[in-house]
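To start, the structure under review is shown below, and the notes come after it.
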Amino acid sequence: MSPWQFLADLTNPDLAFLPKALTIAVLSAIMCGVVGCYVVLRGMAFIGDAVAHAVFPGLAIAFLFSGSLVLGGTIAGIVTALLVTVFAQNRRLKEDSVIGIFFVAAFALGIVIISRAPGYAGSLQQFLFGSITGIPDRDLYVVGGTTIAVLLTVFLLHKEFVAVTLDREMARALGLRVFWLDLMLYVLVTLAVVMAVQTIGNILVLALLVTPAATARLLTDRLPAMMALAPAIGAGCALIGLYLSWSWDLPVGGTIVLTLTGAFLLAHLLAPRHGLVARLAT
Amino acid sequence: MTAALQMTGVAADLGGRPVLRDVDLRLDAGEFTALLGPNGAGKTTLMRAALGLVPLRGGTVSTGSAGYVPQRHEFTWDFPASVQDAVLSGLVRRIGLFRRPKVAHWQSVWAALDQVKLGDLRKRPVGELSGGQRQRVLVARALVLEPSVLLLDEPFTGLDMPAQETLTDLFTEIARERAVLMATHDLTAAAYTCDRLILLNRTVIAAGPPADLKDPEIWMRTFDVGPGSHLLKALDLVGA
Ligand SMILES: Nc1ncnc2c1ncn2[C@@H]1O[C@H](COP(=O)(O)OP(=O)(O)O)[C@@H](O)[C@H]1O
Ligand SMILES: [Mg+2]
């Protein structure tokens, strides 16, 4: 399918779900790209994974009672973020195993809950791998508002987040409230993940958080540049991925993630200073 | 003159176990003091107590302001930041919540970098520095707040001799206008370069100028060694 045909479909009133899905995919890719920079730099990809797993029971309950999926996921995700923050402060606990046990259990709970819903196999597949249909109009406003809130928070707390990421011990010595900054960051991760879960799916959302930021890191040594590149890469790949998935009738989450992976590999080869090509040439 | 750092009867526990007891010390501007003691003596805890990072069991700490170069390197050296960004992070509280750095803040960053002789490298990514240069970035980050006392926790770990000597000269220079307290295991260098030594093992065993600490017994008590120890010979406290 040509890009023109795609554009025509996007404006076709019979296919109103398509521009909605695109908007949500692009906005959540922007959020995930920005927040993902901290996730990658702090080496806390496991947080994204934990949150993605743990929002599942919230989504399942909302689905079962025909409530708002976004709301259900957000509540479950924020409870998770709180638990992770409390666990992560205590350095004596092996945080990744505690979190691993706890959040796989949450995921299992979600599966058990959703099995009570009629037509459960179909809805399970939607949750796990994402879908572009059935998004209510209301979600557009929720995702739009959340994007603004997340970006504004990152902008306002930028230097505090940088200080804590650079050196926790020093941040504490300077009198920063490390616990609250951690919690705030995990809440931002949660919001970004929850907004992305519907289109990308539960299992693949981690890629949206990590891959654009990791790709941007390969391309620059400056944080402001990284935080501009990552959402641009994420949004671009969301657009291209949705286009490819629409033209060839491929699952949307999988196609977006593979597009992101392609961008990452390309950056790995071609990055200006640290890429494979640059290193071989010198 | 008020002390740059004064601790009186300080006691501190970690994990329910007593670590420091009855610590009294006073540091003044213009003094380069070494903090000596075996591993586990409580050197790091003493510094963290001075910074208010460890709750006190008893006693008082008073300090104008303290700059800190931690031993545990939690610094993320692969972070995409330049040298001047890293030093600016020391000002995060002074700049204030929701505010951006102003020209004056950058000027104090540059002044601190000049002082540690990294003025030429201020735009370099922190990941591309040598071990000695990294340590100087951390010193500049502590200096940028113009502290009355600079606390250095084992700053020579993993550095070669030339880097150690450059740093020692730098610390001596800083100690002209501030108080500097340095935890170190290099006893002979400390006795040679520092104005005062503090021997610590859970409490202050002895303190004073190196020339006044010639009694082998206090060293034996601090480091828990016998009269035949190499340590005493290296310090020239007993005949070889
Ligand atoms: N988090 C902790 N919990 C319990 N005990 C600790 C902790 N950290 C250090 N300690 C103990 O406190 C004592 C002093 O440690 P420290 O101040 O690091 O000594 P130093 O810096 O002189 O090597 C040691 O015996 C150590 O075992
Ligand atoms: Mg120590």
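The values are calculated or read from the model by the stated rules, or taken from the named source; none is laboratory data. In this text, all values refer to a predicted model and were calculated from it rather than measured experimentally. Using ideal geometry, Cβ is built from the backbone for each residue, glycine included, and neighbour counts are taken over all protein chains shown.
Overview of results
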quantity	calculated
Index of the failed condition, B:His73 passing every other in (1) within 21 Å of B:Glu177 (Cα to Cα); (2) facing chain A (nearest Cβ under 10 Å)	(1)
Search result, residues across segment B:43-75 that are crowded, with 19+ Cβ neighbours inside 10 Å and free of Cβ contacts under 8 Å to residues at least 40 places away in the same chain	B:Thr45, B:Arg48
Entirely in segment A:185-282, the helices (runs of 4 or more DSSP H) that have 3 or more residues that are within 20 Å of the chain's Cα centre (by Cα) and crowded, with 24+ Cβ neighbours inside 10 Å	A:205-219, A:223-248, A:252-270
Residue within segment B:78-94 that is within 19 Å of B:Ala34 (Cα to Cα), among the aromatic types (Phe, Trp, Tyr) and surrounded by 16 or more Cβ atoms within 10 Å (Cβ to Cβ) present	no
Meets criteria (touching a residue at least 12 places away in the same chain (Cβ under 8 Å) and more than 15 Å from the chain's Cα centre (by Cα)) for A:Leu10	yes
Matching option when the condition is polar (S, T, N, Q) and within 16 Å of ligand 1 (Cβ to nearest atom), among B:Gln107, B:Gln84, B:Gln71	B:Gln71
Meets criteria (part of a loop (DSSP other than H, G, I, E, B), within 14 Å of ligand 1 (Cβ to nearest atom) and either modelled with pLDDT of 95 or more or more than 14 Å from the chain's Cα centre (by Cα) (or both)) for B:Gly52	no
Filter result (more than 9 Å from every other protein chain (Cβ to nearest Cβ) and on the phi > 0 side of the Ramachandran plot) within segment B:76-106	B:Gly96
Residue that is of a type in the set (Val, Ile, Thr) and without any contact (Cβ under 8 Å) to a residue 12 or more places away in the chain, where the choices are A:Val112, A:Val162	A:Val112
Residue check, B:Leu129 within 14 Å of another protein chain (Cβ to nearest Cβ), within 16 Å of ligand 2 (Cβ to nearest atom) and not polar (S, T, N, Q)	no
Any hit, segment B:21-44, residues being farther than 24 Å from B:Ala190 by Cα and among the small types (Gly, Ala, Ser)	no
Matching residues in segment B:56-70 - criterion: being more than 8 Å from chain A (Cβ to nearest Cβ) and touching a strand residue (DSSP E or B) at 6+ places or on another chain (Cβ under 7 Å)	B:Leu56, B:Arg57, B:Gly58, B:Gly59, B:Thr60, B:Val61, B:Ser62, B:Thr63, B:Ala66, B:Gly67, B:Val69
Answer from A:Gly119, A:Gly134, A:Gly43 - the residue that is at positive phi and within 14 Å of chain B (Cβ to nearest Cβ)	A:Gly43
Selection count where residues are within 23 Å of B:Leu150 (Cβ to Cβ) and in a loop (DSSP other than H, G, I, E, B), scope segment B:56-102	13
Scan of segment B:12-49 for residues that are within 13 Å of the chain's Cα centre (by Cα) and not small (Gly, Ala, Ser), ordered by number	B:Leu27, B:Glu31, B:Phe32, B:Thr33, B:Leu35, B:Leu36, B:Lys43, B:Thr44, B:Thr45, B:Leu46, B:Met47, B:Arg48
Some residue of segment A:214-230 being away from chain B (no Cβ under 14 Å) and out of contact with any Ser or Thr (no Cβ under 9 Å at 6 or more places or on another chain)	no
Segment B:16-54, subset over 24 Å from B:Thr2 (Cβ atoms) and within 14 Å of chain A (Cβ to nearest Cβ), residue farthest from ligand 2 (Cβ to nearest atom)	B:Gly16
Condition met for A:Glu169 (out of contact with any Ser or Thr (no Cβ under 9 Å at 6 or more places or on another chain), without any contact (Cβ under 8 Å) to a residue 60 or more places away in the chain and either crowded, with 23+ Cβ neighbours inside 10 Å or not in a helix (DSSP H, G or I) (or both))	no
Residues located in segment B:4-38, provided they are near ligand 1 (Cβ under 9 Å from one of its atoms), touching a residue at least 60 places away in the same chain (Cβ under 8 Å) and assigned to a loop (DSSP other than H, G, I, E, B)	B:Gly37, B:Pro38
Meets criteria (away from ligand 1 (no atom under 16 Å from the Cβ) and out of contact with any helix residue (DSSP H, G or I) (no Cβ under 9 Å at 6 or more places or on another chain)) for B:Gly131	no
